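Structure first, commentary second.
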């Protein structure tokens, strides 16, 4: 409901006051003329507005008419407070009225789209399906569209990939079978008549990388590169793909592409970059630059207005081109003003008036000249110009021509002659580096070309941006067990800094690995993924668009360990001794020292009375250096509790657990107390050294010895074993015979005259295993005879030091001089004597117990240091020991190498080379080499001559130490070596030109063809290859060699580098090669023989076998029943072609049995067998052959004679009865019926045959033959 008119006037005044809430302000109201103009401008629009709105507006105007003058108001404090309250009340009333008006106005039912549930980004593995959901509100109902990297997703074109669903206000996009290229930003745009809204979700598809072996990079750093790089390196040595490709200064046909240099340059420095472009919607990439550019910035021209583009960059070095970077965001080639207008979004409803006026048309007007032509970028590869469009250009658009002028001339040359450019930007290439140019621009349209702009002045082509300066030396500090914090100072006077890259290297490897994939601008970086315990150095290099700076100097080496922290809690607070007014306490040091040595302990106490305990009080204000303390000024028969706190350089630890309640009263024990301070050193696979301190309470008599017990850590109490039988008077002992890899615990008991005391606290468990990097102490003698002991530990940590002791006590500085540097400590004997007998040990502090010892003892009754032969030989008359005596070996080219190797030598060691008592030196004949790091001494000779027979000697001198080794080469041994040397030399010379790798030889094929072959090497197209037989050349195209050809065959190789010849003798005159060929040929013929077959003829039977080829040297013998067959008129053997046969005319019963064909090839024989079975019939008798047949289904039956099918006729009666009995009958046989008969049976499951040999003879002829024999 509307209020009355007077209230509205009061409302207007309050609104004006609300805008100026200060005390004593001036309120300026609009004049009458201003209000009149406002009324006239809105008069026509008033009729279209709602009645309520018009009435409200008129009220405001009426109030404005009443306020025509300037009013000055001075208000008190109370008045201001009152008006402030009224304004707040008025504001609340206005809000309520506004909400009511909106509900009453039907136009407000419509509203622009709004995302009530936005799509959420997701990360999935390759091959999975991802679905994006969202809910959109709006009226009218909005229409939605999905985009991938600003490119519209066409679901119909890719139904197998995308599925879009819209149900009421809920929308979803499903991406199926995701791969790596589906990683993108997905936009959803909702649009209706009231406006537009959009939301974005990022989908990341992860690849399942396989575990790789990558040279030069640590495993962790490679994993970081796989996770963060834009693309992975495929070829070893090429750079990693560039990063962060972006587009700037986009115009109608021009864009500037920038990127960041990669962290890994590869095996060589990056020489430049290639830029590719691709139109959105297609997959064709075009190269933008033919020559690699070194700047990480490049202007791309020649774009088509209105089209969208994406860009990518590839790096190149000597090893090759990297994989392309990730593509940039898509950009549209268009005028920047048009882009700004499109990005502005929907405008507010127009409430003013549009007036049209007629103006003179400007079409056909020549545009004015451009202004403010400047050079925005200048490198040695290109120059970029920019200018402002002309003021006078008409309604049509303008384009531009660019002109250049070489300094010192007046000739202007147009650069873009083919077509003008549309954008007020242009990049000029192909300019001569170092020369100066001037540039100007002209406008053009359909009316003509404008006057030129003002010249830019002389511009020298060259790089304007320098490389960054070298960063300062980085400082590395510990962080965690696998990370290090690196600090450095920023580069000075660097322009356009992109950031810094940090690299690390394990000391001694010289292999640098990147710590960060993308450049960082801070001067502090945490390098993760390092190997715990490894020793690293770090360096930093800066990068800007011009390239990389030089790497900074290496930082100091740092071992990757956790940062030093306060120690852990001490344990085992126990009572060692008690008297009336004091108590002696002991405890065990903390297992974790916080990465630094324990510097001391603080002891606290409190009184205990029943269940009530007092406050803690400090016992010592100065840190204790031992693990025991005498607490004095205590009260007798009072109970106390104690706690201990350890301290290192990082601070004081938390207090240990309180001890048990201990009563302060005098002990009456007679045996000693427990030893304290147990610890172990020199841990090895089978031994360990245990040390301890004397008990604080000796008992009735002083301590006179100790017993050491040990057991496996997992064993029970009954498994304790004594480490020795006799009492040990020392406060240390070496326990031997341990099992490698087994953990042990140790304890010690003290003894006096009264007996053995209680065991100490346990020390351990201790793992019997040699610590990595542990070395033993060794003795060294220098050139001056100075004796010293040396202990090395290269992996020294910051704060660690070598501590020497004798018999595990502080060393006498007058006896030894200690020199320690770079992981090596030397203990030098000042004056060796009997006083130096004992065990010398060295411990490296701030480690896990790295230590070693060396014992100097007496040997029998002779002192080791004074009278033993060992000391005199090694220390005072040293001999250089040889690991290998002098040896000789034959090398390529016939060179001879004499060599030996010494076990150890110094850098001052000298070698004298002697031949037959004459000193020889390095020269044309002899070459010498002495590698003092490995101890290998070598002498080379190019060849051996007759005069080189004799004795070769190496004489060594190393300070006072000497050594000699010799090798004698005389007699047959020398002559044999000389022949081998000359042969190797000749072979090397032969192989410099065309030569035979395999000399001429023969091969006999299975077809009995003889092939001559050889293998050649180092031939060229111009190399001549000639074949000859008996010195007569065999030209190309001659007939193949026959099997009977014999002679001397030769092959010649020849060109300008040399010649070679190979000969093969195939003559008959006792030639072993010919005999070998014949033997091999006969063996192949023998093996090719077939099984013996039998055929019948009208005269008898023929046994035969077929071979591939027959040679007259082949020996063939026939045997019958293992007896050699003698040739006769009835039985004959022979050869026809490749058939070996035996003919038996008119066979009889005697001819039945086994026949053997024996083929002898000169070395062995091949035999073939056949059994002749059957029966002989007298001519004129009847013959009947019968066979029983069975099969299901019933088989088909047929008869053959000598493999020819027989048909039933008057002579041959063939029968098959009852499906079982098959027979053949011949009424009166003749000799022509002799032969091999076969019964063949066949059904669908197979075929089988039964054979029978029939021999028919004439009895009258047999008798006549017998008479002739008689």
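Search region 515-546 for residues being more than 27 Å from the chain's Cα centre (by Cα) and buried (at least 19 other Cβ atoms within 10 Å of the Cβ), and hand back the single one that is modelled with the highest pLDDT.
The qualifying residue modelled with the highest pLDDT is 544.
Assess whether residue 1213 counts as being over 20 Å from residue 1102 (Cα atoms) and at pLDDT 75 or above.
Against the criterion (over 20 Å from residue 1102 (Cα atoms) and at pLDDT 75 or above), residue 1213 qualifies.
Take the conditions under 15 Å from residue 808 (Cβ atoms), in contact with a strand residue (DSSP E or B) (Cβ under 6 Å, 6 or more places away or on another chain) and either in contact (Cβ under 8 Å) with a residue 60 or more places away in the chain or in a loop (DSSP other than H, G, I, E, B) (or both) and apply them to residue 689. Does it pass?
For residue 689, the condition - under 15 Å from residue 808 (Cβ atoms), in contact with a strand residue (DSSP E or B) (Cβ under 6 Å, 6 or more places away or on another chain) and either in contact (Cβ under 8 Å) with a residue 60 or more places away in the chain or in a loop (DSSP other than H, G, I, E, B) (or both) - is met.
Residue by residue through region 1088-1126, note down the ones that are without any contact (Cβ under 8 Å) to a residue 12 or more places away in the chain and under 28 Å from residue 1075 (Cα atoms).
Correct list: 1112, 1124.
So residue 694 ticks every box in (1) over 14 Å from residue 731 (Cβ atoms); (2) surrounded by fewer than 17 Cβ atoms within 10 Å (Cβ to Cβ); (3) under 60 Å from the mean Cα position of the chain (by Cα) but one. Which box is left unticked?
Going through (1) over 14 Å from residue 731 (Cβ atoms); (2) surrounded by fewer than 17 Cβ atoms within 10 Å (Cβ to Cβ); (3) under 60 Å from the mean Cα position of the chain (by Cα) one by one, residue 694 breaks only (1).
Here is a list: 160, 174, 114, 165. Which entry is outside any strand (DSSP E or B) and either out of contact with any strand residue (DSSP E or B) (no Cβ under 7 Å at 6 or more places or on another chain) or over 27 Å from residue 325 (Cβ atoms) (or both)?
Every option except 160 fails the conditions.
Where residues in region 1240-1265 are in contact with a helix residue (DSSP H, G or I) (Cβ under 9 Å, 6 or more places away or on another chain) and surrounded by 17 or more Cβ atoms within 10 Å (Cβ to Cβ), which of them is modelled with the lowest pLDDT?
1257
Inspect all residues belonging to region 712-725 and state whether any of them is touching a strand residue (DSSP E or B) at 6+ places or on another chain (Cβ under 8 Å), part of a strand (DSSP E or B), buried (at least 18 other Cβ atoms within 10 Å of the Cβ) and outside the structural domain of residue 579 (by TED's automatic domain parsing).
No, the conditions are met nowhere in region 712-725.
Within the group 677, 673, which residue is surrounded by 17 or more Cβ atoms within 10 Å (Cβ to Cβ) and either more than 57 Å from the chain's Cα centre (by Cα) or assigned to a loop (DSSP other than H, G, I, E, B) (or both)?
673
Would you mind finding the one in 562, 553 that is surrounded by fewer than 19 Cβ atoms within 10 Å (Cβ to Cβ), modelled with pLDDT of 85 or more and under 30 Å from residue 793 (Cα atoms)?
Answer to the check: 553.
Here's a check for you: in region 115-145, which residue that is closer than 17 Å to residue 194 by Cα and touching a residue at least 60 places away in the same chain (Cβ under 8 Å) is surrounded by the most Cβ atoms within 10 Å (Cβ to Cβ)?
Residue satisfying both the conditions and the ranking: 136.
Residues to consider are 1156, 1136; find the one that is over 60 Å from the mean Cα position of the chain (by Cα), without any contact (Cβ under 8 Å) to a residue 12 or more places away in the chain, within 16 Å of residue 1093 (Cα to Cα) and outside the structural domain of residue 1253 (by TED's automatic domain parsing).
Of 1156, 1136, the one residue that is over 60 Å from the mean Cα position of the chain (by Cα), without any contact (Cβ under 8 Å) to a residue 12 or more places away in the chain, within 16 Å of residue 1093 (Cα to Cα) and outside the structural domain of residue 1253 (by TED's automatic domain parsing) is 1136.
Tell me whether region 855-872 contains one or more residues that are under 24 Å from residue 687 (Cβ atoms), surrounded by fewer than 14 Cβ atoms within 10 Å (Cβ to Cβ) and at pLDDT 70 or above.
Scanning region 855-872 turns up at least one residue that is under 24 Å from residue 687 (Cβ atoms), surrounded by fewer than 14 Cβ atoms within 10 Å (Cβ to Cβ) and at pLDDT 70 or above.
Okay, residues lined up against (1) exposed (fewer than 15 other Cβ atoms within 10 Å of the Cβ); (2) touching a strand residue (DSSP E or B) at 6+ places or on another chain (Cβ under 6 Å); (3) more than 30 Å from residue 488 (Cβ to Cβ):
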{"residue": "568", "(1), (2), (3)": "no, no, yes"}
{"residue": "601", "(1), (2), (3)": "no, yes, yes"}
{"residue": "612", "(1), (2), (3)": "yes, no, yes"}
{"residue": "625", "(1), (2), (3)": "yes, yes, yes"}
{"residue": "652", "(1), (2), (3)": "no, yes, yes"}
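Could you figure out which of (1) loosely packed, with under 15 Cβ neighbours inside 10 Å; (2) part of a strand (DSSP E or B); (3) under 47 Å from the mean Cα position of the chain (by Cα) isn't true of residue 937?
Of (1) loosely packed, with under 15 Cβ neighbours inside 10 Å; (2) part of a strand (DSSP E or B); (3) under 47 Å from the mean Cα position of the chain (by Cα), only one is false for residue 937: (1).
Which residues, taken from region 642-670, are more than 18 Å from residue 600 (Cα to Cα) and part of a strand (DSSP E or B)?
Those that are more than 18 Å from residue 600 (Cα to Cα) and part of a strand (DSSP E or B): 662, 663.
Kindly provide the set of residues from region 874-923 that are within 21 Å of residue 974 (Cβ to Cβ), in contact with a strand residue (DSSP E or B) (Cβ under 7 Å, 6 or more places away or on another chain) and not in a strand (DSSP E or B), ordered by number.
Residues satisfying the conditions are 891, 895, 916.
For region 961-1021, which strands (runs of 3 or more DSSP E) that fit wholly inside it have 3 or more residues that are outside the structural domain of residue 886 (by TED's automatic domain parsing) and buried (at least 16 other Cβ atoms within 10 Å of the Cβ)?
995-1004, 1010-1017
Has region 924-932 got any residue that is part of a loop (DSSP other than H, G, I, E, B), within 43 Å of the chain's Cα centre (by Cα) and touching a residue at least 60 places away in the same chain (Cβ under 8 Å)?
No, there is no match, as no residue in region 924-932 is part of a loop (DSSP other than H, G, I, E, B), within 43 Å of the chain's Cα centre (by Cα) and touching a residue at least 60 places away in the same chain (Cβ under 8 Å).
The values are calculated or read from the model by the stated rules, or taken from the named source; none is laboratory data. Small disclaimer: the values here were computed from a predicted structure and weren't measured. Don't worry about glycine lacking a Cβ; one is built from the backbone with ideal geometry, like all the others, and counts go over all protein chains shown.
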